[in-house]
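Colleague: The structure follows.
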Amino acid sequence: MLRCVEMRVNYPPVQLQDFTVTDPSSIAETRGGADIYSVSQLNRKARNLLESGLPNLWVAGEISNLAQPGSGHIYFSLKDASAQISCAMFRGANTRLRFKPKNGDQVLVQGRVSIYEPRGSYQLIVAKMEDAGEGLLRRKFEELKARLNEEGLFDESLKQPLPNLPSRIGVVTSPTGAAIRDILHVLARRYPLASVVIYPTRVQGEGAREEIARAIAVAAERQECDVLIVSRGGGSLEDLWNFNEEIVARAIHVCALPVVSGVGHEVDFTIADLVADIRAPTPSGAAELITPDRDELLRSLKNIDRRIAVSVRHNWSSNRQHHAQLLARLKSSHPGAVLRQLQQRADELTRQLATVLRGELLNRQFQLQELRQLLRNATPADRIARNKNNLEKLKLRLVNAAGRKVQSAQTRFSILTGELNAVSPLATLERGYAIVQTSDKATVLRDASDVKTGDRIQARLAKGMIDAVVDTVSDTAGDRKHKR
């Protein structure tokens, strides 16, 4: 029988006189300095005080007077042995219900206290509703989850990896349940090479949690499996509760084997799922997680076999080629082959020696002939004759060089004389020009403005001098003549 514990929260008493009404229209009348409220104003004031003074809270009780009109809202009373309260759960909130409420159900509801103003009735506006048993279990679940999380039992760094190809798989579950049948069916289909060790235990009822924890400990102690599945089929929260027990969570935590949890259906979540190394959505999902697919494995093996065959053929060809190379090297290093090579080398050296000796002999004969010729050429008579001949040649070269030198000098003199005559003022005078100077020969006249009528001037010609007196002066701009 569910036993509910009443929770009491102490709040400071609300003093109505602390509130004042500032809107004059809300005051129906004043009598003796006190405000007089209408009924609607009083109900509104009371509702505001309740909603602001009390927070959202949980209330436990039994459903009675349940009504579900076509609007989708739910109206009921929540009662215990001594009292009851009217409740309203509107359509937006009751769509999230996990069960269908009925009269007599023990429930937990969360909501806020209010007043229905038209009737002035005190009521509870419900936002959440849970079955009383399930609600207590969920709170217990959250408390244990928070505590174990603080201790580090859910730490991801502690999770163990699963073996790639397990040879033996352990299963902690009921030997007669649907979970073991699903697991064995999946293993037979996907990976029949693995053997299965079942650690039988009850998964539901009183004492099941101790049996589950003991089975996990036995599997960890024997170390006869590569991986361990902790599993059971689906059910209600109460049915799965043994996998939310602390003793089971700690047994999984200390287990040296990789543990896969496959408890309930995909929507079910337990403490065992959080502690295990990997959580599977279902028992059959756990079997699939820890085993490779047989068809995929066969394809992989075929690929490996093909790669091995290619590698063997390649190695065989490479080794065959290497063997041929070694055989050729062995033949080339045979003593007979080495002796033949040495004989061939000796014959070659003999031919090279004969060639060198003949070349050296010819070279020495040629040197001897040169020395004989040098000796003949070194006699005094020959040297005197050669020197006389050279002397005659030198005399002839000297005479020719002196003549060429004199002729070149004469030619150069004539050229310089011509160039000098070309720039000489006398040559200019020979062409009919004259140099006109003042009578004192101090100034050469270049401009007619430098003299005036009556001045004496002197003109130097190519041959002789002329003294003259200026009679008329004309400027260079025209033919106008004037006397100065």
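Colleague: Binned at 5 Å from 0, what are the whole-percent values of the Cα-Cα distance distribution for the range 129-277, short to long?
Modeller: Pairs per bin, as whole percents: 2, 10, 19, 23, 21, 14, 7, 3, 1, 0.
Colleague: Continuing with the same structure: Nearest 5 is fine: what % of DSSP beta bridges in the chain come out antiparallel, could you say?
Modeller: Details: 41 of 61 bridges.
So the antiparallel bridges in the chain amount to around 65 percent.
Colleague: I would also like to ask the following. If a paramagnetic tag sat 7 Å from the Cα of ASN315 along the Cα-Cβ line, which residues of the range 284-299 would have the backbone N under 15 Å from that point?
Modeller: Under cut-off, by backbone N: nothing.
Colleague: Hey, with R₀ at 35 Å, roughly what FRET efficiency would VAL254 and ALA178 work out to, going by the Cβ-Cβ distance, to 0.05?
Modeller: Values: r = 29 Å, r/R0 = 0.82.
Between VAL254 and ALA178 the formula returns 0.75.
Colleague: In the range 153-195, whose amide N lies under 14 Å from the spot 7 Å out along Cα-to-Cβ of GLU246? List them in ranges.
Modeller: What the label zone holds, given the 14 Å backbone N cut-off, is 153.
Colleague: Of LYS405/LYS463; LYS45/LYS102; LYS45/LYS100; LYS100/LYS140, which pairs sit farther than 30 Å apart, going by alpha carbon to alpha carbon? Please report the intermediate quantities before stating the final value.
Modeller: Working: LYS405/LYS463 38 Å; LYS45/LYS102 34 Å; LYS45/LYS100 35 Å; LYS100/LYS140 23 Å.
Distance filter (> 30 Å) returns LYS405/LYS463; LYS45/LYS102; LYS45/LYS100.
Colleague: While we're here: What is the Cα centroid distance between the range 220-283 and the range 316-364, reported in whole angstrom?
Modeller: 82 Å
Colleague: How big is the range 153-207 in terms of Cα radius of gyration and Dmax, in angstroms?
Modeller: Cα radius of gyration and Dmax of the range 153-207 are 13.9, 37 Å respectively.
Colleague: Treat the chain as a sphere of radius equal to its Kirkwood radius over Cα pairs and apply Stokes-Einstein at 10 °C in a medium of 1.306 mPa s; give the translational diffusion coefficient in µm²/s, rounded to a whole number.
Modeller: Numbers: Rh = 39.2 Å.
Value of D from the Cα-based Kirkwood radius: 41 µm²/s.
Colleague: Just flag the trypsin sites (Lys or Arg not before Pro) in the range 60-120 sitting in loop per DSSP whose Cβ has no more than 15 other Cβ atoms within 10 Å. Working shown, then result.
Modeller: Numbers: sites: LYS79, ARG91, ARG96, ARG98, LYS102, ARG112, ARG119; in loops: ARG96, ARG98, LYS102, ARG119.
Passing both the DSSP loop test and the Cβ count: ARG96, ARG98, LYS102, ARG119.
Colleague: Mean 1/r over all different Cα pairs, inverted: what Kirkwood radius does the range 392-459 give, in Å?
Modeller: Details: mean 1/r = 0.0611 Å⁻¹.
For the range 392-459, inverting the mean 1/r across all distinct Cα pairs yields 16.4 Å.
None of the figures in this text is laboratory data; all of them are computed from the coordinates on show. All of these numbers come straight from a predicted model, not from anything done at the bench. With ideal geometry, Cβ positions are generated from the backbone for all residues, glycine too; neighbour counts draw on all protein chains shown.
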